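So the structure is just underneath, and the comments pick up after that.
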Amino acid sequence: MSLLRSLRLCLVARAGSCTVGPLLLQSPQPRHTFHAGPWLSSSASSKELLMKLRRRTGYSFVNCKKALETCGGDLKQAESWLHKQAQKEGWSKAARLHGRKTKEGLIGLLQEGNTTVLVEVNCETDFVSRNLKFQQLVQQVALGTLLHCQSLKNQLSTYSKVSFGGFLNSSELSELPAGREREGSLKDQLALAIGKLGENMTLKRAAWVKVPAGFYVGSYVHGAMHSPSLHNLVLGKYGALVICETSEQKANLEDLGRRLGQHVVGMAPLSVGSLDDEPGGEAETKMLSQPYLLDPSITLGQYVQPQGVSVVDFVRFECGEGEEAAEAE
């Protein structure tokens, strides 16, 4: 057999074993990422999908790869699958960790227009309180509380604790919707955070205030740090809101409100009191008759009176407050 004949026979044999057939004669077709067979047909496409899924969800490479394989490479389905698995894991871990002490955490302060909220979220260790995922949970709780406050239909004419301010306890806070861009409630977000960080956490409480014209909410957070993703959310270990009535809009109201908030955090008054209260004795727990934190030679009332504002209410949160008393009981 000649060499040429042998080569022809070899080529014919190879062509007979190929299943592509006439497609070899066609021009190259664009490669599609998704098809009915294995979940990805291109290694470059698979890496791009993995990176996109990781950016969207924050889950590990292994979990994202498993999600894409399970969902046949469908990015949207994979994202939904990951969230459902994380939610299951979070609820399971939350049940196991339930009852463990949560003395640490953060206070979150959020102001938008005439609405201000103060929230407290607790965890087991200060290490976790410094974690970005925990801080994002505090942000979600603050946003959920803000949306709740803004959704209440009130005719704002004058300030009233009942109509324009309120408190939410742990169970009430947990049932609030998670926000505009998240499904479920705040307790679902809590379970997700517990699943990711592996510590028990609690949504302890929230306070909200919505004031009409002629009123101003001063605020202060001790050891303040700003949220990396929400510029007007402030985080810290102590927080205070001070509601003031003012006859005119003054340029220094923000600074004045901050000073009043500092006083409330530092001196921990139990009530506002009045300008007529004499210093000393039981009046030491009344805000206006206390020595002014930044100048103890005068009372807070003597500092406030020339400013042209009246203090009508305040809220003070201290992270972990009441945990020691609860343990003693």
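Among the residues making up the stretch 254-275, those that are in contact with a Gly (Cβ under 9 Å, 6 or more places away or on another chain) and farther than 28 Å from Q140 by Cα are L256, G273, S274, L275.
Restricting attention to the stretch 95-120 and to residues that are open to solvent by 40 Å² or more (accessible area, probe 1.4 Å) and among the charged types (D, E, K, R), the residue that is farthest from V234 (Cα to Cα) turns out to be R96.
Condition first: surrounded by 16 or more Cβ atoms within 10 Å (Cβ to Cβ), part of a loop (DSSP other than H, G, I, E, B) and among the acidic types (D, E). Can you find one or more residues in the stretch 272-279 that meet it? Yes, the stretch 272-279 contains a residue that is surrounded by 16 or more Cβ atoms within 10 Å (Cβ to Cβ), part of a loop (DSSP other than H, G, I, E, B) and among the acidic types (D, E).
The strands (runs of 3 or more DSSP E) located wholly in the stretch 186-244 that include 1 or more residues which are hydrophobic (A, V, I, L, M, F, W, C) and over 16 Å from the mean Cα position of the chain (by Cα) occupy 201-210, 215-222.
Suppose the filter is part of a strand (DSSP E or B) and loosely packed, with under 13 Cβ neighbours inside 10 Å; does S297 pass it? Against the criterion (part of a strand (DSSP E or B) and loosely packed, with under 13 Cβ neighbours inside 10 Å), S297 qualifies.
The set of residues in the stretch 223-251 that are under 14 Å from Q307 (Cα atoms) and either buried (at least 16 other Cβ atoms within 10 Å of the Cβ) or touching a residue at least 24 places away in the same chain (Cβ under 8 Å) (or both) comprises C244, E245, T246, S247, E248, K250.
A single entry from S80, S171 fulfils the requirement of being among the hydroxyl-bearing types (S, T, Y), part of a helix (DSSP H, G or I), open to solvent by 30 Å² or more (accessible area, probe 1.4 Å) and at pLDDT 85 or above: S171.
A Cβ distance below 7 Å, combined with a sequence gap of six or more or placement on separate chains, defines the contacts here; from the stretch 121-139, residues that are open to solvent by less than 10 Å² (accessible area, probe 1.4 Å) reach residues that are of a type in the set (V, I, T) and part of a strand (DSSP E or B) in the pairs N122/T202; L137/V121; V138/V119; V138/V121.
Yes or no, residue by residue, for (1) touching a helix residue (DSSP H, G or I) at 6+ places or on another chain (Cβ under 9 Å); (2) modelled with pLDDT of 95 or more:
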site: Q262; (1), (2): no, yes
site: V304; (1), (2): yes, no
site: G322; (1), (2): no, no
site: E329; (1), (2): no, no
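The values are calculated or read from the model by the stated rules, or taken from the named source; none is laboratory data. Since we're looking at a predicted model, the values are computed, not measured. Glycine also receives a Cβ, built like all others from the backbone with ideal geometry; neighbour counts cover every protein chain displayed. Calculation scope for accessible area: heavy atoms of the full protein, side chains included, ligands and nucleic acids excluded. Shrake-Rupley method; radii C 1.70, N 1.55, O 1.52, S 1.80 Å.
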